[in-house]
Amino acid sequence: MKRRFLCIISVILLCTSIFGIQSLAADECSLRVVCKYDSVAVSAAKVNIYRVADYEFGKSMVLSGGFADLRDSMDLSSREKMEKSALTLYSYCTANQKSATASAVSDAEGNVDFSALSEGYYLVAIDSVTTEDYTYSFSPFLVCLPEYNTSNGTENNSVCAYPKATRGEVQKYFDLSVVIVWDDAGYEQYRPSFVRVDLICDGELYDSVNLSEENNWSYVWTHLEANHEWMVGEHNSSNMYTVDIEKPENNRFVIEYTVRGPKETEPTETTTAKPEEEKAQELPYTGLIWWPIPLLATLGTACIAIGVAEKRKHEED
């Protein structure tokens, strides 16, 4: 009886250790952000990361948590669209003062390390750093944890990212402009009469303007102090449009409004799975751990055999 009890306990502990440890390893990810301009390490750069979506490789990035009300999904089909999505999300974070999932400052080598991160898509935003001669700026970007390797079908839970960096000579003042462009041919009647745009300085509201046809949907702020972090945020009350903010070039922000159109609201066709398809859907998907099953089955059989032997021994006695 004692031997049978010990065997059962061993099987339970083995199951717990196998599944528990594998689950922990699969769920936790780490991220290193390297803040460099060419070979120059940028220290003292504050890095903020925001978990914006759940992880589901091969599908559109469906926003979740505090970002679910921004839009349905983000287009990651190209590098340019990923950059637009990152800047749009960053604008949303600053305009709505979203709290970062985690924050840290780069060390002397320009490295920032984050650990124990759950799976998902993260927005990474880095504050600019001004030295005596230069100002270093970094573009916000999106990173997926874990990183999926399409060449061999493996997932990497430890990701190292190198953000795009620019360097400019220190200047005291500059001008900043914003313009709204419309991609809504045939739907112009749905445009709002105006759009309020906020100018945000170091995460705080600096100024607000209303853009409309009267000012050609554009505005210029002049004589702004250069040693600050500047961003724009828009207030779109119409659900007819999606919004993208393009990376500023020549100190000019472009806010693009794209009409959703009837295709995005048409119901999708539903299909009934055939018996063969239902059976295929029952197969384990990537990430489930199936290799311990034969081992556990063998251990279970051994326990039963030991139990039968013990019973016979007691009967003979």
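The values are calculated or read from the model by the stated rules, or taken from the named source; none is laboratory data. The model shown is predicted, which means the values in this text are computed figures rather than measured ones. Glycine also receives a Cβ, built like all others from the backbone with ideal geometry; neighbour counts cover every protein chain displayed.
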- Would you confirm whether any residue within region 274-297 is surrounded by 13 or more Cβ atoms within 10 Å (Cβ to Cβ) and either modelled with pLDDT of 95 or more or closer than 20 Å to Y90 by Cα (or both)? no
- Item | Residue list for region 107-141, restricted to those being small (G, A, S) and part of a loop (DSSP other than H, G, I, E, B) | A108, G110, S118, S128, S139
- Out of all the residues in region 168-181, which are buried (at least 16 other Cβ atoms within 10 Å of the Cβ) and not β-branched (V, I, T)? L176, S177
- Residues that are within 22 Å of L63 (Cβ to Cβ) and touching a Pro at 6+ places or on another chain (Cβ under 6 Å): find the strands (runs of 3 or more DSSP E) completely inside region 155-246 holding 1 or more of those. none
- Query: Is one or more of the residues making up region 254-265 under 30 Å from T131 (Cα atoms), at pLDDT 90 or above and either in the same structural domain as D133 (by TED's automatic domain parsing) or among the hydrophobic types (A, V, I, L, M, F, W, C) (or both)?
  - Reply: yes
- Query: Taking only pairs six or more apart or across chains, which ones have beta-carbon atoms under 7 Å, a first residue in region 139-157 that is among the hydroxyl-bearing types (S, T, Y), and a second residue that is surrounded by fewer than 20 Cβ atoms within 10 Å (Cβ to Cβ) and modelled with pLDDT under 90?
  - Reply: S139/K247; Y148/F57; Y148/E155
- Could we say that A26 is modelled with pLDDT of 90 or more and not assigned by TED's automatic domain parsing to the domain that holds R196 here? no
- Per the filter on region 99-130, residues in contact with a Phe, Trp or Tyr (Cβ under 8 Å, 6 or more places away or on another chain), over 19 Å from H228 (Cα atoms) and not hydrophobic (A, V, I, L, M, F, W, C) are T101, E119, G120, Y121, Y122
- Quick count over region 130-183, residues being polar (S, T, N, Q) and under 26 Å from N111 (Cβ atoms), is 11
- Note on the structure: Screening Y92, Y55 for residues that are of a type outside the set (V, I, T) and either part of a strand (DSSP E or B) or more than 23 Å from S158 (Cα to Cα) (or both) leaves only Y92
- Of the conditions (1) in contact with a Lys or Arg (Cβ under 7 Å, 6 or more places away or on another chain); (2) polar (S, T, N, Q); (3) more than 18 Å from I245 (Cα to Cα), the single one that Q171 does not satisfy is (1)
